[in-house]
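The values are calculated or read from the model by the stated rules, or taken from the named source; none is laboratory data. Source: prediction; values computed, not measured. All Cβ positions, glycine included, derive from the backbone under ideal geometry; neighbour counts span all protein chains shown. Heavy atoms of the whole protein, side chains included, go into the accessibility calculation; ligands, DNA and RNA do not. Shrake-Rupley method; radii C 1.70, N 1.55, O 1.52, S 1.80 Å.
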Amino acid sequence: MGMTMTQKILAAHAGLPEVEAGQLIEAKLDLVLGNDITTPVALKEMDKMNKKGVFDDQKIALVMDHFTPNKDIKSAENCKCVREFACANSIKNYFDVGSMGIEHALLPEQGLTVAGDVIIGADSHTCTYGALGAFSTGVGSTDMAAGMATGKAWFKVPSAIRFNLTGKPAKYISGKDIILHIIGMIGVDGALYRSMEFVGDGIGYLSMDDRFTICNMAIEAGGKNGIFPVDEKAERYMKEHSSRPFTVYEADEDAVYDEEYTIDLSALKPTVAFPHLPENTKTIDEVGEISIDQVVIGSCTNGRLEDLRIAAEIMKGRKVAKNVRTIVIPGTQQIYLDAIEAGYVQTFIQAGAIVSTPTCGPCLGGHMGILAAGERCVSTTNRNFVGRMGDVTSEIYLASPAVAAASAVTGKISCPCELEEN
């Protein structure tokens, strides 16, 4: 029986000639990731183990990004304990204020994730790195602790769903619209503990940033991971960012999939997820008149340079609507610098937006943009659960950077094409 991309990667890291869905395996890890929220919990678990230290000081990545710069005493204490651990164990990939970024934007940029890797992270959006042809998935802090100590993790081999992407997306259709369309189609549990494997000629029209966005939100469909085949764009990205060798795995022709979907990208419209689930999607022509109080452009989903470019192009020469707070958060320090050099930051400020240091901040209701009772926010983040960004009566509408930027200008959920018409 043939294997999917994910199954081939897991088989190789388990030292097995083949694996099948449902099989329990122990696999070697290429990278273990933690952040300022999850790592302190993992360190407490490590204290309970007889084994001291980490399996490889170059294969641990600790990124202080969720409540950083520290918003209160507790968040400062969390970062302090991680900082001390990183120093004591000579962790090479420790990222703090001045060097840090939003973890899932930062790690590929730093060349720490490449095709063929097995990566676990104590953050659910670790599935982002499947855009490069890696198997990456989120785990709990206990599994992170075991991974840091032993360099191994247990997995149940996932079955897979195949998504055949065809056609060329229209202007303003991005990876965010594609994954919101998919989640709206199959639901937030539609891919539960399954690998979401993307194929088809439409992939060639997707940038790496589009692919990172799509894999990032695989977890919003319940997926164990999302993964793309490795093409010239992916290889070019890895060669530009990493000196590590990578291994390309391809699905067998007779690989077994639980389900298959074909999606014509040319037929998609800008898509918005309404409160309070990512599956509650509407196309932009179905939205109606919804006024907003805040816009957030950033996060591990849409804080990359391409996202900022699209938003800046829409906001250039325009002003954000009165009473709409618009917050732009570059994903990394390098993205921030590139945005400054490209003039995007100037555009945002002239439009009446603010630009923040890289941080997860408002995405998880941490800081830098908490919502009050009854307020509405259009956000390029990945979750719109009740109370996710503040008061339990607030509302979050998930959208692409293009829709978010247009909405900031009009003061209501809007398609950027509306601004072109005016």
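Please compute the net charge surrounding LEU33, taking Lys and Arg as +1 and Asp and Glu as -1 over other residues with Cβ under 9 Å from its Cβ.
Charge balance in the 9 Å sphere: -2.
What does the convex hull of the Cα atoms of segment 55-109 come to per residue, in Å³, rounded to a whole number?
77 Å³
Under a 1.4 angstrom probe, counting protein chains only, how are LYS233, LYS156, LYS176 ranked by accessible area, largest first?
LYS156, LYS233, LYS176
For LEU371, enumerate residues with amide H under 5 Å from its amide H, sequence gap 5+ or separate chain, H modeled in the peptide plane.
Placed amide hydrogens put GLY390, ASP391 under 5 Å from LEU371.
Just by accessible area at a 1.4 angstrom probe, what is the order of ARG194, ARG244 from largest to smallest?
Descending order: ARG244, ARG194.
Could you please put CYS377, CYS417 in sequence from largest to smallest accessible area, using a 1.4 Å probe?
Output order, biggest surface exposure first: CYS417, CYS377.
Relative contact order of the chain: what whole-number percent is it, with Cα pairs under 8 angstrom and at least 6 residues apart?
Over the chain, the number comes to 17 percent.
When Rg is the radius of gyration of the Cα atoms in segment 298-417 and Rh is its Kirkwood radius, what does Rg/Rh come to?
So for segment 298-417, dividing Rg by the Kirkwood Rh gives 0.94.
ALA342 to GLU26: extension gain in nm, 0.36 nm per residue of separation minus the Cα-Cα distance?
The span from ALA342 to GLU26 would gain 109.2 nm if fully extended.
In the neighborhood of ALA351, defined by Cβ-to-Cβ distances under 12 Å, what is the net charge if each Lys or Arg adds +1 and each Asp or Glu adds -1?
It works out to a net charge of +2.
HN-Hα J couplings of segment 197-206 from phi, Karplus 6.51/-1.76/1.60, θ = phi - 60°, integer Hz, Gly and Pro as x?
10, 9, 9, x, 5, x, 4, x, 8, 9
Give the distance, in whole Å, between the Cα centre of segment 47-102 and the Cα centre of segment 318-374.
Comparing the Cα centres of segment 47-102 and segment 318-374, I get a distance of 26 Å.
Please state the equivalent ellipsoid semi-axes for segment 109-195: what are the square roots of 5 times the Cα gyration tensor eigenvalues, largest first, in whole Å?
Over the Cα atoms of segment 109-195, the ellipsoid semi-axes are 28, 16, 12 Å.
Quick one: which of LYS80/LYS316; LYS239/LYS316; LYS59/LYS239; LYS239/LYS282; LYS316/LYS412 span more than 30 angstrom between C-alpha atoms?
Check vs 30 Å cut-off fails for LYS80/LYS316; LYS239/LYS316; LYS239/LYS282.
Heavy atoms of the protein only, probe of 1.4 Å, neighbouring chains included. What is the accessible area of GLU313 in Å², nearest 10?
Roll a 1.4 Å probe over it and GLU313 shows about 110 Å².
For segment 223-364, what is the convex hull volume of the alpha-carbon atoms per residue, in Å³?
Dividing the Cα hull volume of segment 223-364 by its residues yields 190 Å³.
Any idea of SER291's accessible area? Nearest 10 Å², probe 1.4 Å.
In the full protein context, SER291 sits at about 70 Å².
Report the charge-dipole magnitude of the chain in Debye, nearest 20, computed about the Cα centre from +1 at each Lys and Arg Cβ and -1 at each Asp and Glu Cβ.
1100 debye
Taking the full set of protein chains and a 1.4 angstrom probe, give the accessible area of TYR237 in square angstrom, rounded to the nearest 10.
Approximately 40 Å² of TYR237 is accessible to the 1.4 Å probe.
Can you show me the helix-derived [θ] at 222 nm for the chain, built from DSSP H runs with n ≥ 4 at -39,500 (n - 2.57) apiece and divided by the number of residues, rounded to the nearest 500.
For the chain, the value works out to -9000 deg cm²/dmol.
Report the one residue of MET144, GLY223, VAL199 whose Cα lies farthest in the direction of the positive end of the charge dipole of the chain (charges on C-beta: Lys and Arg +1, Asp and Glu -1; origin at the Cα centre).
MET144
State the Cα centre-to-centre distance between segment 206-252 and segment 130-155 in whole Å.
For segment 206-252 versus segment 130-155, the Cα centre distance is 17 Å.
Taking Rh as the Kirkwood radius computed over C-alpha pairs, what is the Stokes-Einstein D of segment 19-169 at 10 °C in a medium of viscosity 1.306 mPa s, expressed in µm² per second?
Taking Rh from Cα pairs, D becomes 99 µm²/s.
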